[in-house]
Amino acid sequence: MSGSWGCPHERNNLCTKVRNLPCDPGMKACVLYGRFVFADESKNEPLRRKRAADASDGSGE
Ligand code: SF4
């Protein structure tokens with residue numbers, strides 16, 4: 001996978017942020033991790049937790 005969206009951490013398809021591993025948008029420690037919903041469900045756990053926490057914050061008023 002490439003950094004086709006223009007990630008500043010991607011160099012030659014390697015992630016300079018995550019130990020020069022092949023760029024895999026949304027992988028753990030990626031800047032996108034927990035921010036977007038991905039087709040790979042294993043990448044969605046942080047976002048799911050955040051939404052669950054947000055839903056329990058004041059929505060029951
Ligand atoms: S894995 Fe994430 S942080 Fe790393 S280069 Fe790819 S998009 Fe950027």
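Quick notes on this one:
- Matching residues, region 11-49, being on the phi > 0 side of the Ramachandran plot, within 10 Å of the ligand (Cβ to nearest atom) and under 8 Å from the mean Cα position of the chain (by Cα): 26, 29
- Output for region 1-34, where each listed residue is basic (Lys, Arg) and surrounded by 12 or more Cβ atoms within 10 Å (Cβ to Cβ): 11, 17, 28
Values quoted throughout were computed directly from the atomic coordinates according to the rules given, and no laboratory measurement underlies them. What you see is a predicted model, and the numbers here were worked out from it, not measured in a lab. No Cβ is skipped: glycine too gets one built from the backbone with ideal geometry, and neighbour counts run over all protein chains shown.
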